[in-house]
1. Since Ser146 meets every condition but one in (1) part of a loop (DSSP other than H, G, I, E, B); (2) under 19 Å from Lys13 (Cβ atoms), which condition does it not meet?
2. Can you name every residue in the stretch 65-120 that is small (Gly, Ala, Ser) and either in contact (Cβ under 8 Å) with a residue 12 or more places away in the chain or under 17 Å from Ile22 (Cβ atoms) (or both)?
3. Within the stretch 4-28, how many residues are farther than 16 Å from Trp160 by Cα and not in a loop (DSSP other than H, G, I, E, B)?
4. In the stretch 91-126, what residues are among the basic types (Lys, Arg), surrounded by fewer than 16 Cβ atoms within 10 Å (Cβ to Cβ) and under 23 Å from Asn188 (Cα atoms)?
5. Considering every residue within the stretch 156-173, establish whether at least one is farther than 21 Å from Asp11 by Cβ, modelled with pLDDT under 95 and either part of a loop (DSSP other than H, G, I, E, B) or more than 18 Å from the chain's Cα centre (by Cα) (or both).
6. Just one of the numbered conditions (1) assigned to a helix (DSSP H, G or I); (2) more than 13 Å from the chain's Cα centre (by Cα) is not true of Asn212; which one?
7. From the list Trp186, Trp160, exactly one residue is surrounded by 13 or more Cβ atoms within 10 Å (Cβ to Cβ) and free of Cβ contacts under 8 Å to residues at least 40 places away in the same chain. Which is it?
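The values are calculated or read from the model by the stated rules, or taken from the named source; none is laboratory data. Because the structure is predicted, anything quoted here is derived from the model rather than measured. As a convention, Cβ positions derive from the backbone with ideal geometry for all residues, glycine included, and neighbour counts pool all protein chains shown.
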Amino acid sequence: MAKRKKLADKDIKSLWALSAGICANPSCNRNIIESTINHSLVVIGEQAHIIAHSADGPRNNQDRLINDVDSVENLILLCSTCHTLIDKAEQDYPIELLREWKNKHEEKVQTIFKDKKFDNLNSLKLEIKKILDENYYLFNQYGPRSEASQNLLSNTVELWHKHIIEDILPNNRKIINLIENNIELWTNNLVFIKMKAHVNAYEVHFSNPLENYQLFPIEFKEYIYE
């Protein structure tokens, strides 16, 4: 039997980011990185193939309607229980259904807060401030410059990675969606352009690290907190 090719790191990270670390089964939606009572991290998420990797696998496709079965387009993020379920009962979970799960779940993550409207700029800023406060707290507590990250025996790096997937990236997307849906209230277009460039670049950087990318614009913080 030929050795299965290892999934590309950028595809794995992209899938986890697009799914916000949540099982894509709409009947489950379980967080797939869990903390134990002793604060250890347990990963219960798995990258499942929609069209089987091998010709004799579940949902195999003789016509191979996809060029690369290991690409992020053919992967769906599931908890280990749901992964086992779709593979053991493949007749109940056809390719079309799994693609629908994937597309709807990833769209929901990307469009969160897309339809939320505000009556005035101050109310919009207050909502964004709450999101920024959470991001700042997580960055200061677990980020690469945090005091905890200097302890080589801690699991701070893993916790930071977890919070990027489950909190930071979705929070960034919430901010962009909130502004775009209330753009008539916004009064500093350049600040928004810089923030949007940062959010898009950070998403790319997380999946495929860049040497240089648009950092968080301090002007955005000043505008929100003024």
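1. Unmet condition: (2).
2. Correct list: Ser71, Ser80.
3. Final tally of qualifying residues: 9.
4. Selection gives Lys114, Lys116, Lys117.
5. Yes: the stretch 156-173 contains one or more residues that are farther than 21 Å from Asp11 by Cβ, modelled with pLDDT under 95 and either part of a loop (DSSP other than H, G, I, E, B) or more than 18 Å from the chain's Cα centre (by Cα) (or both).
6. Result: Asn212 passes all but (1).
7. Testing whether each residue is surrounded by 13 or more Cβ atoms within 10 Å (Cβ to Cβ) and free of Cβ contacts under 8 Å to residues at least 40 places away in the same chain leaves just Trp160.
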